[in-house]
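Reading through the structure tokens given below for one structure.
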Amino acid sequence: MKVLGQKPIGRHLAAVQKSKFYNNGTFHKINPTPQLKEGVSFFSVGKDFLFKKKPDDIKPGHPIPSLTGLYRTVSGG
């Protein structure tokens, strides 16, 4: 996997190393981030996604503005 940026050096490295969340060459989370909230199973999330009735206002009431032709300009094609 390509890594963006570069490793900190000098003053930046010193500042990183002072952080209480930096230990053994890496940052550590303050609080764990669970994949699912407590009491919910992966199966129930999938079932609700596929079969639960969606709210009536799930689609916007009007067209969302967009730009056309921008991709060709940005990509050079």
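The values are calculated or read from the model by the stated rules, or taken from the named source; none is laboratory data. Keep in mind the model is a prediction, meaning the values are calculated, not measured. Virtual Cβ from ideal backbone geometry, glycine too; neighbours counted across all protein chains shown.
Going through (1) among the β-branched types (Val, Ile, Thr); (2) out of contact with any Phe, Trp or Tyr (no Cβ under 7 Å at 6 or more places or on another chain); (3) part of a loop (DSSP other than H, G, I, E, B) one by one, VAL45 falls short only on (3).
Would you confirm whether any residue within the stretch 12-22 is surrounded by fewer than 10 Cβ atoms within 10 Å (Cβ to Cβ) and at pLDDT 85 or above?
Filtering the stretch 12-22 down to residues surrounded by fewer than 10 Cβ atoms within 10 Å (Cβ to Cβ) leaves 18, 20.
Filter once more, so that each one left must be at pLDDT 85 or above: 18, 20.
Yes: the stretch 12-22 contains one or more residues that are surrounded by fewer than 10 Cβ atoms within 10 Å (Cβ to Cβ) and at pLDDT 85 or above.
One line per residue, one yes/no per condition, for (1) on the phi > 0 side of the Ramachandran plot; (2) at pLDDT 85 or above; (3) surrounded by 10 or more Cβ atoms within 10 Å (Cβ to Cβ):
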site: GLN35; (1), (2), (3): no, yes, no
site: VAL40; (1), (2), (3): no, yes, yes
site: SER44; (1), (2), (3): no, yes, yes
site: LYS47; (1), (2), (3): no, yes, yes
site: PHE51; (1), (2), (3): no, yes, no
site: ASP57; (1), (2), (3): no, no, no
site: PRO63; (1), (2), (3): no, yes, no
site: LEU67; (1), (2), (3): no, no, no
site: GLY76; (1), (2), (3): yes, no, no
